[in-house]
1. Within region 479-490, can one find any residue that is among the aliphatic types (A, V, I, L, M) and within 26 Å of residue 378 (Cα to Cα)?
2. Right, residue 449: in contact (Cβ under 8 Å) with a residue 40 or more places away in the chain, of a type outside the set (Phe, Trp, Tyr), buried (at least 16 other Cβ atoms within 10 Å of the Cβ) and more than 26 Å from residue 289 (Cα to Cα) or not?
3. Mind listing whichever residues of region 526-546 are of a type in the set (Gly, Ala, Ser) and open to solvent by less than 20 Å² (accessible area, probe 1.4 Å)?
4. Between 433, 421, which is part of a loop (DSSP other than H, G, I, E, B) and open to solvent by 10 Å² or more (accessible area, probe 1.4 Å)?
5. Being surrounded by 15 or more Cβ atoms within 10 Å (Cβ to Cβ) and either of a type in the set (D, E, K, R) or in a loop (DSSP other than H, G, I, E, B) (or both) is the filter here; which residues of region 237-258 pass it?
6. Within the group 215, 225, which residue is open to solvent by less than 50 Å² (accessible area, probe 1.4 Å) and either under 19 Å from residue 273 (Cα atoms) or in contact (Cβ under 8 Å) with a residue 40 or more places away in the chain (or both)?
7. If you go through region 513-546 one residue at a time, how many are of a type in the set (Lys, Arg) and within 16 Å of residue 378 (Cβ to Cβ)?
8. Return yes when residue 189 is in contact with a helix residue (DSSP H, G or I) (Cβ under 7 Å, 6 or more places away or on another chain), among the β-branched types (Val, Ile, Thr) and open to solvent by 10 Å² or more (accessible area, probe 1.4 Å) and no when it is not.
Amino acid sequence: MASVLLLLGIFFLTSPAKGSEKSAPTAITCFTRGLDLRKDKADVLCPADCPRWQFYVIGNVVYASLSSICGAAIHRGVITSSGGPVRVQMLPGQENYSATYANGIQSQVLSRWSSSFSVSRATIGALEAAARPVSTARPSMGKRPKKTVEKKSGNKDCKADIAFLIDGSYNIGQRRFNLQKNFVGKVAVMLGIGSEGPHVGVVQASEHPKNEFYLTNFTTAKDVLFAIKEIGFRGGNSNTGKALKHTAQRFFSAENGVRKGIPKIVVVFIDGWPSDNIEEAGIVAREFGINVFIVSVAKPTTEELGMVQDVGFIEKAVCRNNGFFSYNIPSWFGTTKYVKPLVQKLCAHEQMLCSKTCYNSVNIAFLIDGSSSVGDSNFRLMLEFIGNVARSFEITDIGAKIAVVQFTYDQRTEFSFTDYITKEKVLTALRGIRYMSGGTATGDAITYITRNVFGPVRDGANKNFLVILTDGQSYDDVRGPAAAAHKAGITTFSIGIAWAPLDDLKDMASEPRETHTFFTREFTGLEQIVPDVVRAICRDFLDSKQ
C-alpha cells in the first residue's frame, strides 16, 4: 500500500495543474522523497500522523534527496506530526551529511550524495484548501462532543503500554504509600489515557508481586484514578527485582492487553533501596523489549549505604545507563512539579531504546562476492554499501548484529554476529577486510553462511536476514542452497551488479522475489539503494510480527 501511495505522490509531483503552474500545494505521502520531485522548487502538503519511526532522513538543514520530505520537514521544525504545507528547494549534492536528533527524528549520516534539498514554511493561501484531503468527519456540534471523543481516544502522540511497579514494602510505609499512589495518579492523568493513547496497569512490589490491574481493565483517566485509590498496602520486603522479573515475563502478554508494535514501559518506584538483586531482572526486561525506568525516592544516605545489597542497582536495572531512564525525587512531599518531566520522558518514544524494532532486533549477514571480476576498487564500494546499511541499525550486545562472509570458490568469515557489538567496531572491521579475488561459487557460500554464521543464532530472539552481493553468474547451483536458507528462517535479499543474471538473483531471493531482488548496472549505484534495502528489512520484520 505504501508503495502505491508513493507512486501516486510521484505522479502528482510530476503533473502540474492544467492551465497554470501556480497551483495549490501538491499532496504527497509520508514516504515521498526529495528525488521524487521534478522541479527545482515546489510547495507540497504533508499528511498528518506519519509514523516517525519509518522516516528515513539524511542530514541536517540540508538533506540528501534520498530523505523523506515530510520527515525532513518535521526534523527541521517546519511542520509537526499534524502535517501541513512545506516549500522544498532542490540543491546540489554535497559531502558529509551530518546526523542530528531533532523533533523526535534521528537523522542519518552519509558520506556523499548527488543532490540535496532544503525545507521551509510554505505560504498558506486560499488555494491550499484544495490540496487538503476531504474530511469525512461530522461538523463539530459544540465543545462537549469533542471532549468526549478526546477522552475515549486518548493522547495518540503518547501511545504506549505502561506498567507502574509501585513500592508496597515496609520501606515506604502506609503514609508514603498513599502519597506514591497520588503521584502515580497525577502521572496517569497527564499521560492522556485512552483507547488509542497510552494504556496503563499497576503491579505492587512487596514480599511477592501482585498485579493490581492490567492494561485494558481501565481506559479512562477517571477509572484509572479510582482503581489506583483502591489499591491496598501490602507490606513485606522490598523485593523489587522479583516484581520486575514477574512484570517482564507475565504482565506484558496478549492475554493481558499488550498491543503489537507499541513501546512497552515499566516505571519502577523504589523508596530507599531494593531488598533483592535487581540486575538479573533488568536483563530479562531488556530481552523482552521492555523499557525500564527507575524512579528513586529518598536515596540511601551515606550511613545507610552499608545496608544496600548493590549500590549500583539503578544503572543495572534501567534500559540504558544514559541518564534518561533514571529519575530522582527527593521525597514524597511536594511531588507535583515532578509529574510533567516524567510524563515527557514516558512519551518520548524515539528514546525507547529497548523496544523491539527492526533497528534493534535483527541479525543481518552480508555475503559478498570477492571474485576477480569485481576488482579492488569496486570491492571497496561494496564494503561502503554495507557500512551505510549498518549505520541505520542499533548494534549492541542485545540489539542488532552484523556479520560478513566473503566468497570466491572458497569462503572466509570476516566476522560473525558475536565478534563486534558496537556500530563503531563493525565499521572499523569493515575497513580492514582484504579483497580475496578468485572464482564465483555462490551456492557453496550460501550453504556455508547458513550453517556456520546463522546456525549458532538460529534459535535467538532476533530475526535473521541475508544480503547477497554479486556481480556475475555462479559456477554452481544456487537454488538448492537458497531454498535451504529460506527453510531455516533466513529472509534473503539478492543484490546484483553489472553482469549478475536476473534468474540467479531471483532464485536466491525470498518470496515475493520481486521485492527481495535488487539490481544496479554500476557499483556506484549501490549507494542509491541503501534506503530501499533498509526499508525492505523493516517491512519484512514488521510483517513477521503481525
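The values are calculated or read from the model by the stated rules, or taken from the named source; none is laboratory data. Everything numeric here is computed off the predicted structure, so don't read it as measured data. Here the Cβ positions follow ideal geometry from the backbone for every residue, glycine too, while neighbour counts run over all protein chains shown. The area values use the complete protein model at the heavy-atom level, side chains included, leaving out ligands, DNA and RNA. Shrake-Rupley method; radii C 1.70, N 1.55, O 1.52, S 1.80 Å.
1. Quick first cut of region 479-490, residues among the aliphatic types (A, V, I, L, M) only: 482-485, 488, 490.
With the extra rule that they be within 26 Å of residue 378 (Cα to Cα), the set shrinks to 482.
The answer is yes; a qualifying residue exists.
2. Values: in contact (Cβ under 8 Å) with a residue 40 or more places away in the chain: yes; of a type outside the set (Phe, Trp, Tyr): yes; buried (at least 16 other Cβ atoms within 10 Å of the Cβ): yes; more than 26 Å from residue 289 (Cα to Cα): yes.
Against the criterion (in contact (Cβ under 8 Å) with a residue 40 or more places away in the chain, of a type outside the set (Phe, Trp, Tyr), buried (at least 16 other Cβ atoms within 10 Å of the Cβ) and more than 26 Å from residue 289 (Cα to Cα)), residue 449 qualifies.
3. We begin by selecting, within region 526-546, every residue of a type in the set (Gly, Ala, Ser); these are 536, 544.
Listed by number, the list holds a single entry, 536.
4. Details: 433 fails: open to solvent by 10 Å² or more (accessible area, probe 1.4 Å).
Matching residue, one of 433, 421: 421.
5. Of everything in region 237-258, those that are surrounded by 15 or more Cβ atoms within 10 Å (Cβ to Cβ) and either of a type in the set (D, E, K, R) or in a loop (DSSP other than H, G, I, E, B) (or both) turn out to be 237, 238, 239, 242, 245, 252, 257, 258.
6. Values: 225 fails: open to solvent by less than 50 Å² (accessible area, probe 1.4 Å).
The conditions single out 215.
7. Going residue by residue through region 513-546, those that are of a type in the set (Lys, Arg) are 513, 521, 535, 539, 545.
This time we only want the ones that are within 16 Å of residue 378 (Cβ to Cβ), so: 521.
Residues that pass the stated criteria total 1.
8. Details: in contact with a helix residue (DSSP H, G or I) (Cβ under 7 Å, 6 or more places away or on another chain): yes; among the β-branched types (Val, Ile, Thr): yes; open to solvent by 10 Å² or more (accessible area, probe 1.4 Å): yes.
Here the answer is yes, as residue 189 does meet what is asked.
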